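A short reminder: the numbers here are calculations on the coordinates, not readings from a lab. All figures in this text were calculated on a predicted structure; none of them were measured in a lab. Here the Cβ is made from the backbone with ideal geometry for all residues, glycine too, and neighbour counts use every protein chain on show.
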């Protein structure tokens, strides 16, 4: 049997081999999304209300995350966490288990922090573009600052932020393909493994491209539906 | 009822309110006139602390508040007893007319929802919008939106309602709808402070007309005094220009 130039059969067989690792990819996305939003929300509030020292810390954090490649952030955590633990152990006679730090943890932490920085900017922008008139109206009917935030600002800001949050989510999903560099076995890592076994990299990368593309397509459709739902209520009027 | 004493306010080095004092008795309608930049809107905003004054005193019923060292708690207390109607309505865009109206009751005053809805519907009926209860602001005309704004103000049964040019963002044919609602409130003896350019409204319903210019009260009196026999040159000049059209 002569060797095929392009092996369709291999390509199709790749999907069921890769998909068992899809939950790992989803887990990274899920964790980074949730913690990214939490970090983003609190950092956005810190920046908006100019909480003294904290604002500086947040600014430095965002500047570093946005100013360095995700790949390097990943490596910094991958190598940095064990080294930090060893330093702690040496200095304070503590007994942290260095081997207990799994690569997945490093990925989850670094992706959450990365996502948090970008979400901060999105959320801050959304909150700041809420109509000041509505905020004043809320104060004028006797709402406290916290009530105004909860009842008026956040619902409005969510509406404004959704398209950008959706973009962040797509970026995050695709960025998970870097996790293999610190030996986390997600769909990308497994794909590379399969590719190296049969020396059929091209077929595998097509399979991976399809998986990422279909996933992102579904995500963007879901975001569209949410956006539509939210906007039916208060279409902004030209004033 | 409401008394402002020596209110001063500056934005940067611009003195917007130089030394303004004003007394509003219960059930009175005080209309504030003046050219733009005279500080009339700012004065209104200092009353419920949308802009905090730099110095002066606010007396609401028996309660004296020194604006320079007022506690957050007192600001909230004043806001709960006063209501504000905005030039650009400032309705909550993602809430229906009814939700706009009951927000101040349910969230700020912890009125039970059922009672709030009853009161909210009554307030909307009063401004002629009983059939627009579930409409969003974007589905309402400017005049209707402003009437929702007024319903949002009256539903909390405030001691005084502050109107900041309530009709100046409206198309001419919608102005009367809003003014009619306001006249209705006058008949109910609602205490009102109104910044407006509607001279006929001022002439018909004001208990007191206050003319402001450059951060000062230039002249005050009954509508007859101000419109028929203004004393100050500044007032005469302003009225001559306004009443010409």
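Things to note:
- Counting only strands (runs of 3 or more DSSP E) that fall entirely inside the stretch B:7-79 and contain at least 2 residues that are surrounded by fewer than 17 Cβ atoms within 10 Å (Cβ to Cβ), the qualifying elements are B:14-24, B:55-60, B:63-66.
- For residue A:130, the criteria (1) free of Cβ contacts under 8 Å to residues at least 60 places away in the same chain; (2) more than 14 Å from every other protein chain (Cβ to nearest Cβ) hold in every case but one, which is (2).
- Candidates in the stretch B:39-57 are the residues that are at positive phi and in contact with a helix residue (DSSP H, G or I) (Cβ under 7 Å, 6 or more places away or on another chain); of these, the one that is farthest from the other protein chains (Cβ to nearest Cβ) is B:56.
- From A:154, A:160, residue being within 13 Å of another protein chain (Cβ to nearest Cβ) and either out of contact with any helix residue (DSSP H, G or I) (no Cβ under 7 Å at 6 or more places or on another chain) or within 25 Å of residue B:158 (Cβ to Cβ) (or both): A:154
- Residue within the stretch A:92-112 that is under 24 Å from the mean Cα position of the chain (by Cα) and within 14 Å of chain B (Cβ to nearest Cβ) present: no
- Every condition in (1) under 25 Å from residue B:16 (Cβ atoms); (2) more than 16 Å from the chain's Cα centre (by Cα); (3) surrounded by fewer than 20 Cβ atoms within 10 Å (Cβ to Cβ) holds for residue B:229 except the one numbered (1).
- Which listed residue is under 22 Å from residue B:45 (Cβ atoms), touching a strand residue (DSSP E or B) at 6+ places or on another chain (Cβ under 7 Å) and surrounded by fewer than 21 Cβ atoms within 10 Å (Cβ to Cβ), from B:164, B:159: B:159
Conditions tested, residue by residue: (1) within 14 Å of chain A (Cβ to nearest Cβ); (2) within 18 Å of residue B:191 (Cα to Cα).
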| site | (1), (2) |
| --- | --- |
| B:28 | no, yes |
| B:37 | no, no |
| B:59 | no, yes |
| B:68 | no, no |
| B:77 | yes, yes |
| B:103 | yes, no |
| B:116 | yes, no |
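- Subset tally (residues that are in contact (Cβ under 8 Å) with a residue 24 or more places away in the chain and either over 17 Å from residue B:100 (Cβ atoms) or more than 10 Å from chain A (Cβ to nearest Cβ) (or both)) for the stretch B:145-163: 11
- Flag for residue A:84 being over 29 Å from residue A:226 (Cα atoms), within 14 Å of another protein chain (Cβ to nearest Cβ) and surrounded by 14 or more Cβ atoms within 10 Å (Cβ to Cβ): no
- Hey, residue B:121 buried (at least 19 other Cβ atoms within 10 Å of the Cβ), over 30 Å from residue B:208 (Cβ atoms) and away from every other protein chain (no Cβ under 14 Å) or not: yes
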